[in-house]
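Report on one structure; see the data block that follows.
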Amino acid sequence: MTLNTIDPDEVAKFEAMAAEWWDPAGKFKPLHMLNPCRLDYITAQIAAEFDRDLTAPMPFKGLRLLDIGCGGGLLSEPMARLGATVVGADAAARNIPVAQLHAEQMDLTIDYRHCAAEDLAAAGEVFDVVLNMEVVEHVADPQAFLTACQTLLKPGGLMICSTLNRNPKSFMMGIVGAEWVMRWLPKGTHDWSKFITPDELYTLLEKAGLRPVDRKGMVFNPITWGWSLSDRDLSVNYVTASVKAA
């Protein structure tokens with residue numbers, strides 16, 4: 001297994017929590033809460049890029065999709081339900097059997113693998129879509145990682161990439177609020193110094209050979225206790241879409 005962009009300490013954090021992926025009240029509660037907002041963005045971008053009708057049955061049929069850093073499969077499963085041929089890859093070995101078992105229980109066919117993006121690239125794998133969600137802030141070398149992801153895209157392919165902005169507000173919300181006060185995540189899950197600003201991410205994507213085409217914030221409302229997409233507020237969580245030249 002290729003290890004050049006994998007941070008073993010980061011992998012160990014998620015290995016320790018692997019059994020809790022599908023517990024909506026457990027350590028991954030924040031992702032369960034965020035998932036509908038992420039899916040709204042992902043499905044809209046894929047539909048727009050590949051001219052798919054989301055009201056049709058199996059609208060992503062014929063598209064090959066990689067969920068890199070798939071965890072327990074919170075995004076892989078809805079993509080499979082929408083008709084995509086899904087490969088879920090994760091560097092944390094303990095995540096894979098959890099994801100496989102849940103997919104079997106849901107009667108879904110998903111190809112889960114314990115591997116890195118570089119392994120897939122070395123094997124010559126290519127995809128129409130790469131989902132790269134909340135991963136880039138956990139790798140050892142973001143530029144090398146994003147370059148490997150670009151290699152995995154077919155010409156004209158789409159990558160959706162989300163991460164956390166780096167500023168005082170994101171420290172208060174993402175570290176102090178989520179880890180210390182609300183205890184949604186174990187302390188130390190995130191390293192604020194690894195957070196990436198939207199402009200920095202755009203630069204990394206462009207250097208990797210991708211063309212950024214969109215970015216939006218994902219904003220938590222403590223009154224409604226829910227997440228929504230924002231064109232203006234990218235101050236904490238945000239998501240981007242970029243394409244590979246046809």
Discussion item. Return the residues of the stretch 198-219 that are of a type outside the set (S, T, N, Q) and free of Cβ contacts under 8 Å to residues at least 60 places away in the same chain; say none if nothing qualifies.
Written reply: Pro198, Asp199, Glu200, Tyr202, Leu205, Glu206, Arg211, Pro212, Val213, Arg215, Gly217, Val219
Response to the item:
Residue pairs qualifying under the 8 Å Cβ cut-off, at least six apart or on distinct chains, with the first in the stretch 30-53 being of a type in the set (A, V, I, L, M, F, W, C) and the second being in a helix (DSSP H, G or I) and surrounded by 15 or more Cβ atoms within 10 Å (Cβ to Cβ), are Leu39/Pro78; Ile42/Met79
Item to complete: Go through the stretch 203-246 and give me each residue that's open to solvent by less than 40 Å² (accessible area, probe 1.4 Å), in a strand (DSSP E or B) and under 17 Å from Asp128 (Cα atoms).
Response: Pro212, Thr240, Ala241, Ser242, Val243
Discussion item. Give me the helices (runs of 4 or more DSSP H) completely within the stretch 52-161, filtered to those with at least 2 residues that are in contact with a strand residue (DSSP E or B) (Cβ under 7 Å, 6 or more places away or on another chain), ordered by residue number.
Written reply: 76-81, 95-105, 117-122
Item to complete: Give the number of residues within the stretch 230-246 that are aliphatic (A, V, I, L, M) and over 16 Å from Val213 (Cα atoms).
Response: 1
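One line per residue, one yes/no per condition, for (1) without any contact (Cβ under 8 Å) to a residue 40 or more places away in the chain; (2) open to solvent by less than 20 Å² (accessible area, probe 1.4 Å); (3) within 14 Å of Gly69 (Cα to Cα); (4) basic (Lys, Arg):
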{"residue": "Met133", "(1), (2), (3), (4)": "no, yes, yes, no"}
{"residue": "Val139", "(1), (2), (3), (4)": "no, yes, yes, no"}
{"residue": "Gln150", "(1), (2), (3), (4)": "no, no, no, no"}
{"residue": "Leu158", "(1), (2), (3), (4)": "no, yes, no, no"}
{"residue": "Asn165", "(1), (2), (3), (4)": "no, yes, no, no"}
{"residue": "Lys169", "(1), (2), (3), (4)": "no, no, no, yes"}
Worksheet item: In the stretch 1-18, which residues are at pLDDT 70 or above, closer than 16 Å to His114 by Cβ and open to solvent by 70 Å² or more (accessible area, probe 1.4 Å)?
Response: Pro8
Worksheet item: Taking the stretch 190-202, which residues are under 21 Å from Leu131 (Cβ atoms) and more than 17 Å from the chain's Cα centre (by Cα)?
Response: Glu200
Discussion item. I'd like to know if the stretch 189-202 contains one or more residues that are assigned to a helix (DSSP H, G or I), at pLDDT 80 or above, open to solvent by 40 Å² or more (accessible area, probe 1.4 Å) and polar (S, T, N, Q).
Written reply: no
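Could you tell me whether Gly83 is touching a Cys at 6+ places or on another chain (Cβ under 8 Å) and not aliphatic (A, V, I, L, M)?
Values: touching a Cys at 6+ places or on another chain (Cβ under 8 Å): no; not aliphatic (A, V, I, L, M): yes.
Against the criterion (touching a Cys at 6+ places or on another chain (Cβ under 8 Å) and not aliphatic (A, V, I, L, M)), Gly83 does not qualify.
Quick grid of which residues meet (1) among the aromatic types (Phe, Trp, Tyr); (2) open to solvent by 70 Å² or more (accessible area, probe 1.4 Å); (3) more than 23 Å from Ala148 (Cβ to Cβ); (4) touching a helix residue (DSSP H, G or I) at 6+ places or on another chain (Cβ under 8 Å):
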site: Lys27; (1), (2), (3), (4): no, yes, yes, yes
site: Leu31; (1), (2), (3), (4): no, no, yes, no
site: Asp51; (1), (2), (3), (4): no, yes, yes, no
site: Ser76; (1), (2), (3), (4): no, no, no, yes
site: Val87; (1), (2), (3), (4): no, no, no, yes
site: Tyr112; (1), (2), (3), (4): yes, no, no, yes
Worksheet entry | Pick from the stretch 34-46, criterion under 11 Å from Leu74 (Cα atoms) and not polar (S, T, N, Q), ranking: nearest to the chain's Cα centre (by Cα) | Arg38
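The values are calculated or read from the model by the stated rules, or taken from the named source; none is laboratory data. All values derive from a computational prediction rather than experimental measurement. Every residue, glycine as well, gets a Cβ built from its backbone with ideal geometry; the counts of neighbours run over all protein chains shown. Each accessible area value is taken on the protein alone, full model and side chains, heavy atoms only, with ligands, DNA and RNA left out. Shrake-Rupley method; radii C 1.70, N 1.55, O 1.52, S 1.80 Å.
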